[in-house]
Amino acid sequence: MSNLLDRTLMSTRKARNVIMMDIISKTGVSDMNEITNATLHSRSITKETLCHWLSSLCCLLNENAIPLMEDAAKHLSRIDELEEQSRKDQKTIIQLQTEVISKRDEEIKLMKESLQLTVKSEMKSYASAVTRSCNAITKSCNAVLAPKRISSAIKTVAENAERKKNIIIYGVPEKTDEVLPALVEDVLAEIEEKPVIRDCCRIGFRKSESIRPVKFTLNSQDMVNQVLRKASMLRVKHGYQKIYLSPDRTAEERAAHREKLLLKKQANGKEETEDVTTVENSVRVLDSKVEV
């Protein structure tokens, strides 16, 4: 359709130019803007010439110009229809979005109400069991302690989640004017990792005969796992063979890990004493308080 319109428009312009050039040539003007009634009443312009021009223009208008204008009018009408449909569609979309938001809010409200009912029901069952098994003083104590236990559990979960974002480095020499983030970045660069380091500090109390481990925090547990997977690369790096990376374990986890290493040492006489000793010392340091 577009090619047909282009060809029609081209032929219309060509026909118009032919007629205009003929008129300009026979009237003696330089362009069509100079044509007036006087120029057309010239004696050199015959009636037959005027009739020819008129019939040519009528034909051009009837066969080309008018169809083009009618087609353009149809397109304009279609554009108006599409614009109107677009406005309706936008209105429908906004309405649907509003309904979705309203529905979601309603679902959230129902979930909250259901959760509240469940909590109330559980609390009632708990209170009933306490009432049947304990006296008034025991019941009062439990009512006071229950929120603390919940708070403690929440705190423990949050601490464990944050702990999983930490990494402990053993064996990094300790200096008075050290810049810990830079030291950590140097170690990580040896295993081709450059994560964003959020926090960084030495842990334990300063002792002249030992090197305190360094604890640093990354943005996610996934990044911690990625770094720990490549930690063994330090064993073949010059100057880093005695530097070890480890997860940030709890006291119970450190004790279990130390026991596991000792059992492995007893089972395998080829296990290097230095590795186990280093880890044992590090576990004892981690059991101390963090120096601020």
Problem - the chain: most fluctuating residue of Ala161, Ala129, Ala72 per GNM, C-alpha cutoff 10 Å - result: Ala72
Handout entry: Heavy-atom accessible area per residue - segment 1-109, 1.4 Å, Å²
Key = 82 Å²
Problem - Extension gain from Glu209 to Ser25, taking 0.36 nm per residue of separation minus the Cα-Cα distance - result: 55.1 nm
Completion exercise
Relative contact order of the chain (C-alpha contacts under 8 Å, at least 6 apart) in percent is 14 percent
Practice task
Just the number, please: carbon plus sulfur as a percent of the accessible area of the chain, 1.4 Å probe, no ligands or DNA/RNA counted.
Solution key: 57 percent
Completion exercise
Summing +1 per Lys or Arg and -1 per Asp or Glu among the other residues with Cβ less than 15 Å from Asn225's Cβ gives +3
Fill in the blank from the handout: Eigenvalues of the alpha-carbon gyration tensor of the chain, times 5 and square-rooted, give semi-axes in Å, largest first, of 91, 38, 16
Exercise for the section: Any chance you could list P(r) for segment 11-81, counting all Cα-Cα pairs in 10 angstrom bins from zero, rounded to whole %? Expected result: 18, 39, 24, 13, 5, 0
Handout entry: Solvent accessible area, Å² - Ser232, 1.4 Å probe, full protein context
Key = 70 Å²
Practice task
Determine the calculated [θ] at 222 nm for the chain from helices alone, applying -39500 (n - 2.57) to every DSSP H run no shorter than 4 residues and normalising by the residue count; nearest 500 deg cm²/dmol.
Solution key: -22500 deg cm²/dmol
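The values are calculated or read from the model by the stated rules, or taken from the named source; none is laboratory data. If you're wondering where the values come from, they're calculated on a predicted model, not measured in any experiment. Don't worry about glycine lacking a Cβ; one is built from the backbone with ideal geometry, like all the others, and counts go over all protein chains shown. Remember, those area values only see protein heavy atoms, side chains included, never the ligands or the DNA or RNA. Shrake-Rupley method; radii C 1.70, N 1.55, O 1.52, S 1.80 Å.
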